[in-house]
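Here's the structure we're looking at; comments come further down.
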Amino acid sequence: WYQRRVRVRMAAAATPGSMMDKSFQLQLQMKQNTEEMSAFLKDMTDWTKEVKQKDKELITSGDSKPSEVLPPIRCQPKPRKKKKKTGAAVLVADQDTKSGSSKIRGNDYRAWDKFDVDAAIKEIDGGKQEEESDEETGQDGEESDASTDNEMLDKQEEERKQMQAVYLKEKGNDFFKQGKWEDAVECYTKGLQCDALNAVLFANRAMALIKLQKYAAAIADCDCSIELDDGYTKAYLRRATAHLKLEHKKEALADFRKVLEFEPENKLALGTVRKLEVELAPPVQYKPRKEGDITHMKRTLPPSDKPMVRI
């Protein structure tokens, strides 16, 4: 009924020529505000009751359910050893418990006459020394534990990097077989960032650089590979190939001879050495024979393709 009455008055206010009192409008607005506020507070109280009820149900149900067994935390630091508490008060208490006597009262003069002050001072000094020694041993133990943990972590990190380097080497080899020389060089370079002491990675990158006609860089990689492993035959062979491309025949001949020291039956090295020895051999100079000199005629005659005829 009240809402119907409000609607009638609102409709009357909306009609033209009608004047509505401002006080009535204010009362109506206040009424609406109070109704909205009461509805909001009612919702809030209902929500709080529901939350409290759910909390009670969870608490009661949590007690009946068995607790879940969680796995241990990885890389959890070891618990530190508790320091042994020693001091003058502990020593006095130990002395009292051993002797079975309580503390000496201030007016018990006979007990004070029997009390040995020097022995008590020695015990206190000994307790302090034991405490210092325990602290030193505890610190040494903690430092040793920390050092062993760091060594284990460093070892694991080094193994991980080596495995990553092997993976990148195999990936680079696949790129090399496919003829993707630049991708192969990139993979070998990333592998060397993981393991900078891998002679195979240097030699493989040198071969890819040779395919890219970067002979000077290939020679530098071969030098690094040989410095890491002076018995790696492929490094000598690839450096010799790069020298040969740059017309460094003497250096190439020395590297091919080094290859033959490790692999005497290497066909490429054998053929190239013979060819380079002929090319680098000094030319034979012809010395003409003097008139009337017939000694060493066979040696001084110029070479001829015609066969010699016996007279």
Practice problem: Collect the residues in segment 193-207 that are in a helix (DSSP H, G or I) and under 17 Å from Tyr232 (Cα atoms), keeping them in residue-number order. | Solution: Ala199, Val200, Leu201, Phe202, Ala203, Asn204, Arg205, Ala206, Met207
Quiz item: Counting only residues that are surrounded by fewer than 18 Cβ atoms within 10 Å (Cβ to Cβ) and within 20 Å of Val166 (Cα to Cα), how many does segment 185-225 have?
Solution: 6
Quiz item: Could we say that Leu168 is at pLDDT below 95, open to solvent by 80 Å² or more (accessible area, probe 1.4 Å) and within 20 Å of the chain's Cα centre (by Cα) here?
Solution: no
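The values are calculated or read from the model by the stated rules, or taken from the named source; none is laboratory data. Note that the coordinates shown come from a computational prediction; the quantities given were computed from them, not determined experimentally. Using ideal geometry, Cβ is built from the backbone for each residue, glycine included, and neighbour counts are taken over all protein chains shown. The accessibility values were calculated without ligands, DNA or RNA, using every heavy atom of the protein model including side chains. Shrake-Rupley method; radii C 1.70, N 1.55, O 1.52, S 1.80 Å.
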